[in-house]
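Following: one structure in structure tokens, then a few remarks.
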Amino acid sequence: MDERIEYLMSRCEAIAEAAVRAEVLELLGLVLELHRAGLAGMMAAAAGAGDLEGLRAAWGRDERVRGLAELHGLELPAAAAGRGGFVPLAALAGSRARRDDGADRAGTTATQAQI
């Protein structure tokens, strides 16, 4: 996977039109920042939660974690779910988020995707 990422990054950096190249690289940076912030929120919530339900509730209150979960099509408990306005990655045209057999990479179904 590392080689594929490096190849795709080099392709993005080689886009001839400067404005398009800058926007593609900005998008990649923003997605990485979203993941960094979401993971930081998850780690902070885990440090302060006493049990699984407390952890799930803390994730549901954290906008960063909700945004990351929504981006990946993961469901938070109904009472904690928010609306970040993200299009799930699997819904994007040409998405590599689904394997040839139709299951997503984590091997989950919609009912298994709850955090």
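Annotation: of all residues in region 10-28 being among the hydrophobic types (A, V, I, L, M, F, W, C) and in contact (Cβ under 8 Å) with a residue 12 or more places away in the chain, the one that is nearest to LEU76 (Cα to Cα) is LEU28. Here ILE15 passes the criteria (1) modelled with pLDDT of 90 or more; (2) surrounded by fewer than 14 Cβ atoms within 10 Å (Cβ to Cβ) except the one numbered (2).
Return the residues of region 20-57 that are outside any helix (DSSP H, G or I) and surrounded by 14 or more Cβ atoms within 10 Å (Cβ to Cβ); say none if nothing qualifies. ALA49, the sole residue that qualifies.
For region 42-100, the tally of residues that are modelled with pLDDT under 80 and of a type in the set (A, V, I, L, M, F, W, C) stands at 14.
Annotation note: Cβ proximity below 6 Å between a residue of region 29-41 that is touching a residue at least 12 places away in the same chain (Cβ under 8 Å) and a residue that is in a helix (DSSP H, G or I) (sequence gap 6+ or interchain) occurs for ALA37/ARG64; GLY38/ARG64; GLY38/VAL65; GLY38/LEU68; GLY41/ARG64; GLY41/VAL65.
The values are calculated or read from the model by the stated rules, or taken from the named source; none is laboratory data. Since the model is a prediction, treat every value here as computed from it, not as a measurement. Cβ atoms come from the backbone with ideal geometry, glycine included; neighbour counts cover every protein chain shown.
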